[in-house]
1. Say whether the condition of being of a type outside the set (Asp, Glu), in contact with an Asp or Glu (Cβ under 8 Å, 6 or more places away or on another chain) and crowded, with 23+ Cβ neighbours inside 10 Å is met by at least one residue in the range A:21-28.
2. I need the strands (runs of 3 or more DSSP E) fully contained in the range B:17-95, keeping only those with at least 3 residues that are in contact with a helix residue (DSSP H, G or I) (Cβ under 6 Å, 6 or more places away or on another chain).
3. Got a number for residues in the range B:53-86 being open to solvent by 40 Å² or more (accessible area, probe 1.4 Å), in contact (Cβ under 8 Å) with a residue 24 or more places away in the chain and within 13 Å of chain A (Cβ to nearest Cβ)?
4. Identify the single condition in (1) open to solvent by less than 60 Å² (accessible area, probe 1.4 Å); (2) within 13 Å of ligand 1 (Cβ to nearest atom); (3) among the aromatic types (Phe, Trp, Tyr) that residue B:18 does not satisfy, given that it satisfies every other one.
5. In the list A:125, A:87, which residue meets the criterion of being aromatic (Phe, Trp, Tyr), modelled with pLDDT under 85 and either touching a helix residue (DSSP H, G or I) at 6+ places or on another chain (Cβ under 9 Å) or surrounded by 15 or more Cβ atoms within 10 Å (Cβ to Cβ) (or both)?
6. Taking the residues in the range B:87-102 that are closer than 11 Å to residue B:143 by Cβ, at the interface with chain A (Cβ under 7 Å from one of its Cβ atoms) and not small (Gly, Ala, Ser) as candidates, determine which candidate is surrounded by the fewest Cβ atoms within 10 Å (Cβ to Cβ).
7. Out of the residues in the range A:154-170 meeting the condition of being open to solvent by 30 Å² or more (accessible area, probe 1.4 Å) and in contact with a helix residue (DSSP H, G or I) (Cβ under 7 Å, 6 or more places away or on another chain), tell me which one is farthest from the other protein chains (Cβ to nearest Cβ).
8. Do we have residue B:4 as in a strand (DSSP E or B), surrounded by 15 or more Cβ atoms within 10 Å (Cβ to Cβ) and within 16 Å of ligand 2 (Cβ to nearest atom) here?
Amino acid sequence: MYLWLLAAGLTLVFGVLGVLNFAHGSLFMLGAYAAFTFYGKLNINFGLSILLSLISVGIIGAILERFFIRRIYDLDLPYQLILTFGFILIFDDLVKMVWGGVAMIPPMPGFLEGNLTVLGRPYPFYNIFIIFAGLAVALVLWLILEKTWWGRMIRASASDREMAGAIGINIPFLFTTVFVLSAMLAALGGALGTPVRVVAPGIGTAMIIQAFVITVIGGLGNLKGAFVGALIVGILTSFGILLFPIFELFIIFVVMAIVLMVKPEGLFGK
Amino acid sequence: MLEVKQISVSYGLAPALWEVSLSVRDGKIVAIVGSNGAGKSTLMKAISGLIHPGEGTIEFDQRRIDHLPPHQVARMGIAHVPEGRRIFPHLTVIENLKMGVLPIKGQKRAQEILNNVFNLFPILAERQRQLGGTLSGGQQQMLAIGRGLMSDPKILLLDEPSLGLAPIIVDMVFEVITRLNSQGQTILLVEQNAFLSLEVAQYAYVLEVGRIVLEGEATKLIDDPHIKKAYLGE
Ligand SMILES: Nc1ncnc2c1ncn2[C@@H]1O[C@H](COP(=O)(O)OP(=O)(O)O)[C@@H](O)[C@H]1O
Ligand SMILES: [Mg+2]
């Protein structure tokens, strides 16, 4: 489900802005560090910490888009790669400077502790919480895109940016808001993961590769595809870890290769 | 109300317009005729801010607009209905129309305009919930014009509204153009179909390879020997 949150943001930015944001994983990492700081260090309550993390990373996203990403909309992919990859390095180093290079595991919030028994096996309560959070995000995103004025503007400019501008949509501003939404989704993934996964520099990069695989499997720029792709990859990696632990990553690449052979544009691609 | 003064536009190094000037008065239909590649669409894009002229100025209601981004030009009251319609195919008809509403207009006014658009194009009211992409070419053209009207524009820029349409549909579209104008709508009309546009327009300009070569009252241009030979096939 973390993967879904990452893939959703990646997909939005690619589908609407046309930018492949390699630094998306860094926003995930920043979300994790922010949540760790608010929750683990400053002892602010868990829910509020997550909210604060989203806001902080959202602001960083706004700055990134406004001053950097905006300049590369009309450039080729290699330029996008260079710029966003540069940000990965910057953010990784920044995080090392501020928080140090050591991995840190924050404590679990009390109300999410414990196990649920599913089919006779204990299942961590927290995982169930995460699954529902992911589903809730999917529902909210769908509602935003299909039912709101903002969503309609997003869909219109994804399909014809120039025309959307010509009928009065402030495209630069709209793109900033989309980028901020995407940054917040990444941050949510990072923040929600803090109690169960190690917070360390580089966690974003590890995740982003899988998120890319998901978006490719689902069809680049397609949210439904990203959701289904995340489910497939999530299920496969769980089974993969059980059956052949060493091949976890290998399996999802095999799936990607198969999908691309059968349907090169991805499951839901056009 | 619209004054284009001596604008030149290039795509990279390739010039598309040279020192083009034109003016549109309130309440008129002004036509621009010219063959394929003459620069008609380029001129429309320059007016609506989709491209910026290298030289010259464009004024609208006495304000310069040639450096403004397209959404600001749109908000000043210029609606561009582009060549090839360019409706949003994955949005429904009603969503397409609502996209045309500017944020500055109130709910009530928007509803009035919507009713007026449905009045002009009853078929759009019938197909409200259908995806734009599933409409026929003629219906898409109506949708594109309707979307333009939703912003309650002071001037409507129509780029080749007859392109690729069956003759009866073309007649219908031109009937709507005349009707809009009789309600007071100012229109700048671009057409390859010179005869049709000269019939509805009051004034016209002839554009040839990026330059205005002729201008005048539409009724006079219809009888001009050069026009007859080059555009009316006589
Ligand atoms: N996006 C573009 N890039 C480069 N050249 C263009 C572009 N659009 C149009 N042109 C060129 O500009 C000239 C005028 O084109 P256009 O304005 O579309 O003419 P018209 O609408 O009268 O057919 C043509 O020579 C065309 O090839
Ligand atoms: Mg044209």
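1. Taking the range A:21-28 first, the residues of a type outside the set (Asp, Glu) are A:21-28.
Next, from what is left, pick out any that are in contact with an Asp or Glu (Cβ under 8 Å, 6 or more places away or on another chain): A:26.
With the extra rule that they be crowded, with 23+ Cβ neighbours inside 10 Å, the set shrinks to A:26.
Yes, the conditions are met somewhere in the range A:21-28.
2. Details: elements: B:29-33, B:55-60, B:78-81.
Those strands (runs of 3 or more DSSP E) span B:29-33, B:78-81.
3. First, pick out the residues of the range B:53-86 that are open to solvent by 40 Å² or more (accessible area, probe 1.4 Å): B:54-55, B:59, B:61-64, B:67, B:69, B:72, B:75, B:83-84, B:86.
Checking which are in contact (Cβ under 8 Å) with a residue 24 or more places away in the chain leaves us with B:54-55, B:59, B:61, B:75, B:83-84, B:86.
Next, only the ones that are within 13 Å of chain A (Cβ to nearest Cβ) stay: B:75, B:83-84, B:86.
Residues meeting the conditions: 4.
4. (1)
5. Values: A:87 fails: modelled with pLDDT under 85.
Result of the check over A:125, A:87: A:125.
6. Restricting attention to the range B:87-102, the residues satisfying the condition of being closer than 11 Å to residue B:143 by Cβ are B:87-89, B:91-97, B:99-100.
Retained after the next criterion (residues that are at the interface with chain A (Cβ under 7 Å from one of its Cβ atoms)): B:88-89, B:91, B:95, B:99-100.
Subset that is not small (Gly, Ala, Ser): B:88-89, B:91, B:95, B:99.
Numbers: B:88: 24, B:89: 15, B:91: 19, B:95: 20, B:99: 25.
The selected residue is B:89.
7. A:161
8. Details: in a strand (DSSP E or B): yes; surrounded by 15 or more Cβ atoms within 10 Å (Cβ to Cβ): yes; within 16 Å of ligand 2 (Cβ to nearest atom): no.
Answer is no for this residue.
The values are calculated or read from the model by the stated rules, or taken from the named source; none is laboratory data. Values in this document were obtained by computation on a predicted structure and should not be read as measured data. Ideal geometry is used to build each Cβ from the backbone, glycine not excepted, and the neighbour counts take in all protein chains shown. Keep in mind that these areas ignore ligands, DNA and RNA; they rest on the heavy atoms of the full protein, side chains included. Shrake-Rupley method; radii C 1.70, N 1.55, O 1.52, S 1.80 Å.
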